[in-house]
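Computed from the coordinates by the stated procedures, all read-outs in this text should not be read as laboratory data. These numbers were taken from a predicted model, which means no experiment stands behind them. Methodologically, a virtual Cβ is constructed for each residue, glycine included, from the backbone with ideal geometry; neighbour enumeration extends over all protein chains shown.
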Amino acid sequence: MNIFCELALSFIKIGFFGFGGGFAMIPLMQSVAVHQTGWLSPSQFGAAIALGQVTPGPVAISATFIGYKVAGLAGAVVATAAIFAPSLLCMYLLEKFYLKVRGKEITQAIMHGVLPVVAAIILIAAISLCRQSTHSVWQAGVIAAVAALAISRRVSYGLLVAGSMTVGIVMAFICR
């Protein structure tokens, strides 16, 4: 199969089944990009997700990085368009349908049933990324500190990223 068709089909599937937003897509992207196709190594996938986090926009933009690694600029365009196409279609349909049924009891029940699944999927993705990105004790400490500060919401996410980068640079020089 043509690599562009494979990218498009893979990311359309991820876009359709990544219910719950970008973080819920991470395990699906990892399964496709690392385990099924071998397009990326686990560390490259971790870098793709990190890049998606430091750039403006949704986590799904990591698809752009993956597409670029697989097939250059054209691959980036195909992967990006494919991962966002299902969301755009769903938003169009929701605008036409959901606004009419959002107040109904069955709709609320469905949404309340789905939320715990989405939370679990996000937690699984976080644990998986933590395992891949932790290579030393100091990194585990940074992860714990950032998680605690982010959960308490006492420090802005921008400062957490900047602080983590600073610690990484300092530790790179110390651990030489």
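Odds and ends about this structure:
- Label-point separation in nm, residue 108 to residue 159, each point 7 Å along Cα→Cβ: 3.8 nm
- Here 25, 171, 91 are placed in order of increasing Cβ neighbour count within 10 Å, fewest first, which gives 91, 171, 25.
- Rounded Å value of the spacing that divides the Cα centres of the range 49-125 and the range 158-174: 30 Å
- Taking Cα centre as origin and charging only the Cβ of basic (Lys, Arg, +1) and acidic (Asp, Glu, -1) residues, the dipole magnitude of the chain rounds to 260 debye.
- Folded to 0 to 90 degrees: helix 157-174 orientation relative to the chain principal axis, Cα: 30 degrees
- Volume of the convex hull of the chain (Cα atoms only), normalised per residue: 146 Å³.
- The range 1-100: C-alpha pair distances exceeding 22 Å, %: 23 percent
- With neighbour counts taken as other beta-carbon atoms within 10 Å, the residues 78, 146 rank, fewest first, as 146, 78.
- Seen from a random direction on average, the alpha-carbon convex hull of the range 73-160 projects onto 9.4 square nanometres.
- Excluding same-chain neighbours fewer than eight residues apart, the lysines reachable from residue 104 by a Cα-Cα span under 27 Å are 96.
- Estimated from helical segments only, the mean residue ellipticity of the chain at 222 nm is -27500 deg cm²/dmol, where each DSSP H run of four or more residues counts as -39500 (n - 2.57).
- Against the chain, whose longest principal axis comes from its Cα atoms, helix 105-133 is set at around 30 degrees.
- Rounded tilt (10° steps) of 137-152 against the dominant C-alpha axis of the chain: 50 degrees
- Choice from 60, 85, 144 showing the highest fluctuation, given a GNM over the chain with Cα pairs closer than 10 Å: 144
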